[in-house]
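Working notes for the structure below.
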Amino acid sequence: MTAMDRAAGPRRPGYNYAFLDEATKREIRRKLLKAVAIPGHQVPFSSREMPMPPGWGTGGIQVTASLIGPSDVLKVIDQGSDDTTNAVSIRRFFAETAGVETTSSTRRASIIQTRHRVPETPLSEGQILVFQVPLPEPLRFLEPRESETRKLHALAEYGSAYVSLYEQVARHGRIAQSYDYPVMVGARYLMRPSPIPSFDNPKLDRSPALLLFGAGRERRLYAVPPYTSVESLSFEDRPFRIELPPRRCDLCGATDSFLDEIVADDAGTRIFACSDSEYCGERQRAQGLSVVAP
Amino acid sequence: MYVAVKGGERAIRNAHRRLAERRRGDPAVPELSLEQIREQLGLAVDRAMCEGALYDPRLAALALKQARGDSVEAAFLLRVFRNTLPRFGYSEPLDTGAMAVERRVSGAFKDLPGGQLLGATADYTHRLLDFALEEPQQPAPPGEEPEAEAGSGSEATGLLPRALAQLGEEALIEAPPADEGAPVPDITRDPPLFPAERAQRLQTLARGDEGFLVGLAYSSQRGYGNTHPFVGELRQGRVAVELVPEELGFAVEIGEIEVSELETVNQFTGDAEHAPCFTRGYGLAFGRSERKALAMALLDRSLRAEELGEELGAPAQDQEFVLEHADNILATGFMEHLKLPHHVDFQAERELLRALRRAWEERRSAPEAAE
Amino acid sequence: MTLPATSLPTALAPEQPLLQVRGLTKDYGAGRGCRDISFTLWPGEILGIVGESGAGKSTLLDCLGGFAVPDAGRADYASRLFGPVEIFGLSEARRRRLARSEWGFVHQDARRGLRMSVSAGGNVGERLMAEGERHYGSLRARATDWLQRLELDADRIDDPPSQFSGGMRQRLQIARNLVTEPRLLLMDEPTGGLDLSVQARLLDLLRGLVRGLDLSAVLVTHDLGVVRLLCDRVLVMEGGRIVEEGLTDQVLEDPQHPHSQRLVASILPV
């Protein structure tokens, strides 16, 4: 039992359940239903001020707050890990304001809030993965105007998104986008998957879990319902590929997980270890190792 | 093992403790009271209320104390608190014409009915550090009021007519927008989509960062979308806030707030259908934030460029640019989120860069090998 | 308005006009804009619109290009994709579709028509990508082909237009427009601001391309030399109205309206 695993407990007095008032939660749930009905489409919502700075996950926090109930089990990760400072802060916020049970176990969680990663352990039906999104608009750097990008989405005019891929291939001989790699959802809407490494993109495709995306500062929600196609943008003759050098985790030996490169001592020795700390720990345990946190 | 940023719960607890120590400073120095902050750092309180979008001088003083004087952080604290308050309804429009005016000046008119009332202003002081303030001051003995001559203004009695009314009589200035009874949009409840209407623009400017607004307003004076402004009237003082409770059906006064209101008069050349006339820019800010109100009025006017068919192109005329970047709580949050760990993305970029470097080296050595 | 038979390009004589503009008015007040403009453009024809600055030429072109909304009037266009359409009444979706497939717009300032930070190849390929081309190799091949047709060095395909000279930028802008083989090209002073020698070469190129691709074009210019080289027919505008129209040679050799006479008198014979 670590600090992440905490049984349901008493709530902080003086605030509504999960902080947000019920009218706001209802509004967010309505907008989420719309988002689920139009996969990949960005639905505007009137984001509220939360006790964390906007840009620090307030979109995801509002989504989680509007969905969470006493029977939920919550997992929060940042960069794949349950123990990074921001994950700790958000987890504690829900433990205090909703009194819910928290866990580090991907399997046990009913809601997983994440920043920048999709867990390595496959998700299953009934689970909800909530992404914190800094910049929801995939066309933003080609077209800074919201009024214009909304039009481009409405008309499915995505030529300019391919222009940026074209430029990468022309310059580097390959698509050189390692994270926040744009995807087509349900063959209709172009979507930013949030800054997950492109390594994680395939996990979004036809995922059995419900994927919800909250951008608090930019006041947008979007969703990918279970089993929806999520295709990473590419050219016919330059298909989407994950190109990482063959490496294994120095702690658990995994060859199929996204690895952090960590300076391990003052002499500058580097080790590679799973970014998903829970996945790594489970694998170490299964091999009878004494668990070392990455 | 080196645990990088994965410090976890204990590190956060320690950080909070250190923060509390820093906030208090040297315990040998007496602690500030909220009353001291409210009474003696009034403009800081006013600014926190504006950007925090909450009129409550005592809580603003608390926020400033908690934020160690950081106005952006104080505004943030107020905003979050505001968000937890139940909504009883919307007040009636403030009648600033019925303001108990304490300061009122016009740059456009030499003199005007009711006169120029300078009130408490630093405008005509010489900005020399006053070393007398190093030591506590004796309060002025009662009864020694400044001479009550015109222009120096203690609080005016009775109503002051609006300065711009005299232009209206000649139809030289556009009429103020009529209240058509249509519901006023609320940017905290309905996300503004672009193009935003004027009410949404004014709401966003009212809570916008003073520094950002001043910078943009300044740019509009320096040729980036000039609006040729005059200060038609600045008025400062207390106004009543009224609410119509559903069960009563008529307006009752629920309190008074102090505001600064600023109207600019701006040139307008007219077009085929509209005769040349003066146009208005409007600013309203809590407390005595008159710099904020002036910047707001300049920007309100420059954001009307499209409506008035003026040539576009300057940043201060671009509503998406101005409104999307005016909120210092959003701006600070997003900028400072760069301090959060990004090592997954960075790792992905690092591997990509290594691959690109390998490919580059290969390309570079290939032609040499061929020669 | 019926068109005199003599104004048809002799080789073509098709029965259907490509574009028919009727009563187009866009009034900016204070005498600016254009009023009650009517003309017909036939397939394969290049129509010049001349006049001094402020005559309303660019306003007219902006309306046709979708950059300004006219106050009155209509413009019927024979679309390859959608059949006969009235362009001011088109849905935005259709208008934009036509704008990136069947129409082209060449701005005087190439920076308005190009993405300055995107490579030449990306600029030329954009319309193809917008029309659904998803094969990198084929994008590359067609971009190379069009750069060469505009006499641009194919080795410069990965350079951004910010590194190009004014004449090269203009040719790149034209290549970017022609890559989807549009039927109608709108050009606003395409040679304005270029050196005389560069202008002459560009005009030669344009003449060859327009003839070869069976394009129709509306070309706005104040330069009668450009008109003489490129246009079959010419409209003369003054104060927002058309004051004279006719075959290019006719108008240039024997202008009828006093304004046209002044314009013609002010240039040296080519």
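The values are calculated or read from the model by the stated rules, or taken from the named source; none is laboratory data. Because the structure is a prediction, the values reported are computed rather than measured. Positions of Cβ are generated from backbone atoms using ideal geometry, with glycine treated the same way; all protein chains shown enter the neighbour counts.
Select from the stretch B:321-342 the residues that are closer than 16 Å to A:Thr58 by Cβ and under 17 Å from the mean Cα position of the chain (by Cα) and list them in ascending order.
Listed by number, the residues that qualify are B:Asp327, B:Asn328, B:Ile329, B:Leu330, B:Ala331, B:Thr332.
Keeping to the stretch A:35-47, report how many residues are at the interface with another protein chain (Cβ under 7 Å from one of its Cβ atoms), out of contact with any strand residue (DSSP E or B) (no Cβ under 6 Å at 6 or more places or on another chain) and among the hydrophobic types (A, V, I, L, M, F, W, C).
Final tally of qualifying residues: 0.
State yes or no: is B:Pro195 in a loop (DSSP other than H, G, I, E, B), in contact with a strand residue (DSSP E or B) (Cβ under 7 Å, 6 or more places away or on another chain) and within 27 Å of B:Thr332 (Cβ to Cβ)?
In short, no.
Suppose we keep only residues that are under 18 Å from A:Ser47 (Cβ atoms) and of a type in the set (Val, Ile, Thr) within the stretch B:329-350. Which one would you say is surrounded by the fewest Cβ atoms within 10 Å (Cβ to Cβ)?
This residue is B:Thr332.
Looking at the stretch A:248-270, which of its residues are at the interface with chain B (Cβ under 9 Å from one of its Cβ atoms) and under 20 Å from B:Arg354 (Cβ atoms)?
Answer for the stretch A:248-270, where residues must be at the interface with chain B (Cβ under 9 Å from one of its Cβ atoms) and under 20 Å from B:Arg354 (Cβ atoms): A:Phe258, A:Leu259, A:Asp260, A:Glu261, A:Ile262, A:Val263, A:Ala264.
Quick check on this structure: which one of B:Ala348, B:Ala316 is assigned by TED's automatic domain parsing to the domain that holds B:Leu202 and either closer than 27 Å to A:Val88 by Cβ or of a type outside the set (Lys, Arg) (or both)?
Result of the check over B:Ala348, B:Ala316: B:Ala316.
Could you list, in sequence order, all residues of the stretch C:194-247 that are among the basic types (Lys, Arg), surrounded by fewer than 23 Cβ atoms within 10 Å (Cβ to Cβ) and not in a helix (DSSP H, G or I)?
C:Arg241
Would you be able to tell me the number of residues in the stretch C:157-190 that are within 14 Å of chain A (Cβ to nearest Cβ) and within 18 Å of C:Gly104 (Cα to Cα)?
The number of residues fulfilling the criteria is 3.
Taking the conditions exactly as written (in contact with a strand residue (DSSP E or B) (Cβ under 7 Å, 6 or more places away or on another chain), more than 27 Å from A:Ala154 (Cβ to Cβ), surrounded by 23 or more Cβ atoms within 10 Å (Cβ to Cβ) and at pLDDT 95 or above), does A:Leu67 satisfy them or not?
For A:Leu67, the condition - in contact with a strand residue (DSSP E or B) (Cβ under 7 Å, 6 or more places away or on another chain), more than 27 Å from A:Ala154 (Cβ to Cβ), surrounded by 23 or more Cβ atoms within 10 Å (Cβ to Cβ) and at pLDDT 95 or above - is not met.
Any idea which residue in the stretch A:108-144 is nearest to the other protein chains (Cβ to nearest Cβ), counting only those that are closer than 18 Å to A:Pro197 by Cβ and among the charged types (D, E, K, R)?
Across the stretch A:108-144, the extreme among qualifying residues is A:Arg117.
Quick one: would you say A:Ile90 is farther than 20 Å from A:Met191 by Cα, part of a helix (DSSP H, G or I) and either in the same structural domain as A:Ser198 (by TED's automatic domain parsing) or out of contact with any helix residue (DSSP H, G or I) (no Cβ under 7 Å at 6 or more places or on another chain) (or both)?
For A:Ile90, the condition - farther than 20 Å from A:Met191 by Cα, part of a helix (DSSP H, G or I) and either in the same structural domain as A:Ser198 (by TED's automatic domain parsing) or out of contact with any helix residue (DSSP H, G or I) (no Cβ under 7 Å at 6 or more places or on another chain) (or both) - is met.
Within the stretch B:61-104, how many residues turn out to be away from chain A (no Cβ under 11 Å), under 25 Å from B:Arg18 (Cβ atoms) and of a type in the set (A, V, I, L, M)?
Number of matching residues: 6.
Yes or no: B:Phe278 under 25 Å from B:Glu174 (Cα atoms) and either more than 14 Å from every other protein chain (Cβ to nearest Cβ) or surrounded by fewer than 14 Cβ atoms within 10 Å (Cβ to Cβ) (or both)?
Yes, satisfied.
Kindly provide the set of residues from the stretch A:12-26 that are of a type outside the set (Ser, Thr, Tyr) and crowded, with 19+ Cβ neighbours inside 10 Å, ordered by number.
Correct list: A:Ala18, A:Phe19, A:Leu20, A:Lys25.
Which one of the conditions (1) modelled with pLDDT of 70 or more; (2) on the phi < 0 side of the Ramachandran plot; (3) assigned by TED's automatic domain parsing to the domain that holds B:Glu261 does B:Ala171 fail to meet, given that it meets all the rest?
Single failed check for B:Ala171: (2).
Just to check your reading of the model, which residue among B:Leu262, B:Leu284 is more than 20 Å from B:Ser219 (Cβ to Cβ) and in the same structural domain as B:Pro315 (by TED's automatic domain parsing)?
B:Leu284
In the stretch A:271-294, which residues are among the hydroxyl-bearing types (Ser, Thr, Tyr), more than 12 Å from chain B (Cβ to nearest Cβ) and surrounded by 13 or more Cβ atoms within 10 Å (Cβ to Cβ)?
A:Tyr279
Which of the residues that make up the stretch B:301-321 are in contact with a helix residue (DSSP H, G or I) (Cβ under 6 Å, 6 or more places away or on another chain), crowded, with 22+ Cβ neighbours inside 10 Å and within 15 Å of B:Arg198 (Cβ to Cβ)?
B:Ser302, B:Leu303, B:Gln317, listed by residue number.
Exactly one condition in (1) of a type in the set (A, V, I, L, M); (2) loosely packed, with under 15 Cβ neighbours inside 10 Å; (3) facing chain A (nearest Cβ under 7 Å) is not met by B:Ala355; state its number.
(2)
Restricting to strands (runs of 3 or more DSSP E) lying wholly in the stretch A:206-261: which have 3 or more residues that are assigned by TED's automatic domain parsing to the domain that holds A:Leu32, among the hydrophobic types (A, V, I, L, M, F, W, C) and crowded, with 19+ Cβ neighbours inside 10 Å?
Here the list reads A:210-215, A:220-224.
Restricting the search to the stretch A:48-84, which residues are facing chain B (nearest Cβ under 7 Å) and either out of contact with any Phe, Trp or Tyr (no Cβ under 8 Å at 6 or more places or on another chain) or assigned to a helix (DSSP H, G or I) (or both)?
A:Arg48, A:Trp56, A:Asp78, A:Gln79, A:Ser81, A:Asp83, A:Thr84
Name the strands (runs of 3 or more DSSP E) wholly inside the stretch A:93-200 in which the number of residues that are within 13 Å of A:Leu211 (Cα to Cα) is 2 or more.
Of the strands (runs of 3 or more DSSP E) lying wholly inside the stretch A:93-200, those with at least 2 residues that are within 13 Å of A:Leu211 (Cα to Cα) span A:111-115, A:128-132.
Looking at (1) under 30 Å from A:Val36 (Cα atoms); (2) within 14 Å of chain C (Cβ to nearest Cβ), find the lone condition where A:Phe213 falls short.
All conditions are met except number (2).
Answer yes if at least one residue in the stretch B:113-120 is modelled with pLDDT of 95 or more and in contact with a Leu (Cβ under 6 Å, 6 or more places away or on another chain), and no otherwise.
no
With the stretch C:73-186 as the region, which helices (runs of 4 or more DSSP H) entirely inside it contain at least 2 residues that are basic (Lys, Arg) and more than 23 Å from C:Val218 (Cβ to Cβ)?
Because the criterion is at least 2 residues that are basic (Lys, Arg) and more than 23 Å from C:Val218 (Cβ to Cβ), the helices (runs of 4 or more DSSP H) in the stretch C:73-186 that meet it are C:136-149.
Keeping to the stretch A:157-177, report how many residues are more than 9 Å from chain C (Cβ to nearest Cβ) and either within 16 Å of A:Leu135 (Cβ to Cβ) or surrounded by fewer than 20 Cβ atoms within 10 Å (Cβ to Cβ) (or both).
Qualifying residue count for the region: 6.
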